[in-house]
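Presented below is the structure to which this report refers.
The values are calculated or read from the model by the stated rules, or taken from the named source; none is laboratory data. Here the structure is a predicted model, which means the values were calculated and not measured. No Cβ is skipped: glycine too gets one built from the backbone with ideal geometry, and neighbour counts run over all protein chains shown. Remember, those area values only see protein heavy atoms, side chains included, never the ligands or the DNA or RNA. Shrake-Rupley method; radii C 1.70, N 1.55, O 1.52, S 1.80 Å.
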Amino acid sequence: MSLQDDIARLRTELTGAIAAATDEAGLDAVRVAALGKKGSVSALLATLGSMAPEDRKTAGPAINGLKNEISAAIDARGADLRGAALDARLAAERLDVTLPVKAAPTTEGRIHPISQVWDEITAIFSDMGFKIAEGPDIETDWYNFTALNFPEGHPAREMHDTFFLQPGPDGTKKVLRTHTSPVQIRSMLRANEKPAAGYLTGAVEPPIRIIAPGRTYRHDSDQTHTPMFHQVEGLVIDKESHIGQLRWVLEEFLKAFFEVPGVTLRFRPSFFPFTEPSMEVDVQCDRSGAEVKIGEGSDWLEILGCGMVHPNVLRNCGLDPDVYQGFAWGMGIDRLAMLKYGMNDLRAFFDADKRWLDHYGFKAFDMPTLFGGLSS
Ligand code: 2U9
């Protein structure tokens, strides 16, 4: 077979293989097989060395011509394959910039009004110097009732519509706390702890200034009651705490919470086993329009209960009522949320209805602070 035949055969073979290569890796394999060290075109070039000079004169340009031709064909096919790969990628990664932008979860999600109001309340009382106290939802009868001066068999225990748990091995039934007051009992008992011998830390003497926000439970369900609801209670214990301070704390809180320049409060005598005297507090409001306006008008709205801590409660927590006295108050977080943000059915709070949350919920990054605004 002549050199011309070899060149023609290789040209047909290699141009066919180049055209058949479907990706850059396949094309590179053809390049190695033709132009690599042990490639078919390189092998032909190597025969030039042993040729007679006369033959080399014609064979050299012919073989080099084939080499350049194949090299150019590989480059051209490479450019085609890269172009096709880019087109495929562009098609696959196509973005329709005319579509609306998909919102990030942080802008889509909503903070529940109860969480919002909880954060607003804790921001206000923290600013006044109160610490936030927490405790268990499942309590013993002693922490929920006895320590709070509810006598055994007293009707007030039934008034709380308590949920009882199955009795333990000793026959006693734990309860779902009916108020957050056991949290303050625990705080007072801790404040009264004597440091163990040799330790400098442990005892925290009064003054105590705490608020206890939390879930509470009562067997009750209608438009304004749910079996689980949220309360925030406050407690101040010091040697000379008095009702004047209680009134100031409540007024400052209500002004800050309802974001109004002033509030007028009305204190009515009431009864709670854990406070003496006990009072229910109404705030002046205007109910003539669609929503209740606090701080103006000629109506009254019951908003919270309060009183001076009963001496028996102090005694039950190891504090001497002749040395210490204090005041306490309690209010419903859910009710405050309804009043401030104009919802009228408490049950909707717990329906987990996304449309309701989209409407009444708050944006995740709008954290309530006193300097940045509570509800802005
Ligand atoms: C201790 C001593 C006293 C907390 C108080 C109220 C009055 C009160 C209700 C308001 C609406 C509960 O959510 S509600 O139904 N609470 O009226 N709570 S005084 O007094 C305490 C708490 C703890 C150790």
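For the reader, a short list of remarks on this structure follows.
- In the stretch 3-92, taking the dipole from charged Cβ atoms about the Cα centre, the farthest positive-side position among 74, 25, 42 is held by 42.
- Proximal lysines to residue 38, defined as alpha-carbon separation beneath 20 angstrom and excluding residues fewer than eight positions away on the same chain: 67
- Between helix 243-258 and the chain there is an angle of about 30 degrees, using the helix long axis and the longest principal axis of the Cα atoms.
- nm² value of the averaged projected area, convex hull over the Cα atoms of the stretch 113-360: 15.9 nm²
- Checking every one of the trypsin sites (Lys or Arg not before Pro) in the stretch 221-283 against DSSP loop status and a limit of 16 other Cβ atoms within 10 Å picks out 239.
- For the chain, the 222 nm mean residue ellipticity estimated from helices alone, with every DSSP H stretch of n ≥ 4 adding -39500 (n - 2.57) and the total spread over all residues, rounds to -12500 deg cm²/dmol.
- The heavy atoms of residue 288 offer some 100 square angstrom of accessible surface to a 1.4 angstrom probe.
- With viscosity 0.890 mPa s and temperature 25 °C, the Kirkwood radius over alpha carbon pairs of the stretch 35-120 converts through Stokes-Einstein to a diffusion coefficient of 126 µm²/s.
- For the chain, the longest principal axis of the alpha carbon atoms and the long axis of helix 24-35 meet at an angle near 30°.
- Tensor-based shape of the stretch 240-347 (alpha-carbon gyration tensor, a/c under 1.5 rounded, otherwise prolate or oblate): prolate
- The listed residues 94, 157, 110, once ranked by accessible area (1.4 Å probe) with the largest placed first, stand as 94, 110, 157.
- Two-site FRET efficiency, residue 58 against residue 19, from Cβ-Cβ distance with R₀ of 30 Å, rounded to 0.05: 0.55
- Cross-link reach list, aspartates and glutamates versus residue 102, counting only Cα pairs under 18 Å and skipping chain neighbours closer than eight places: 93, 358
- Accessible-area composition of the stretch 113-360, carbon plus sulfur, in percent [1.4 Å probe]: 52 percent
- Net +/- balance of residues flanking residue 321 in space, Cβ distance below 15 Å, scoring K and R +1, D and E -1: -3
- Rolling a 1.4 Å probe across the protein heavy atoms gives the chain an accessible surface of 56 Å² per residue.
- Of the accessible area of the stretch 3-92, computed with a 1.4 Å probe over protein heavy atoms only, carbon and sulfur atoms account for 58 percent.
- The peptide list 95-105, 214-224, put in order of mean Cβ contacts within 10 Å with the highest first, becomes 214-224, 95-105.
- Those GluC sites (Glu not before Pro) in the stretch 275-341 that DSSP places in a loop and that have at most 16 other beta carbons within 10 Å: 291, 296
- Options 63, 330, 182, ranked by Cα towards positive dipole end of the chain, top entry (Cβ charges): 63
- Proximal lysine pairs, the stretch 113-360, alpha carbons under 22 Å, eight or more residues apart or interchain: 8
- Simple point charges give the picture: +1 on the Cβ of Lys and Arg, -1 on the Cβ of Asp and Glu, and for the chain a dipole about the Cα centre of about 1180 debye.
- Percent breakdown of C-alpha pair distances by 10 Å bin, ordered from the shortest bin, for the stretch 127-193: 19, 48, 26, 6, 1
- Amide H contacts of residue 367 (H built 1.01 Å from N, under 5 Å, at least 5 apart or other chain): none
- Listed values for the stretch 331-336 are Karplus-derived 3J(HN,Hα) couplings in whole Hz (6.51 cos²θ - 1.76 cosθ + 1.60, θ = phi - 60°), namely 8, x, 5, 4, 5, 4, and x replaces Gly and Pro.
- Nearest-ten-degree value, helix 53-92 long axis tilted from longest Cα axis of the chain: 20 degrees
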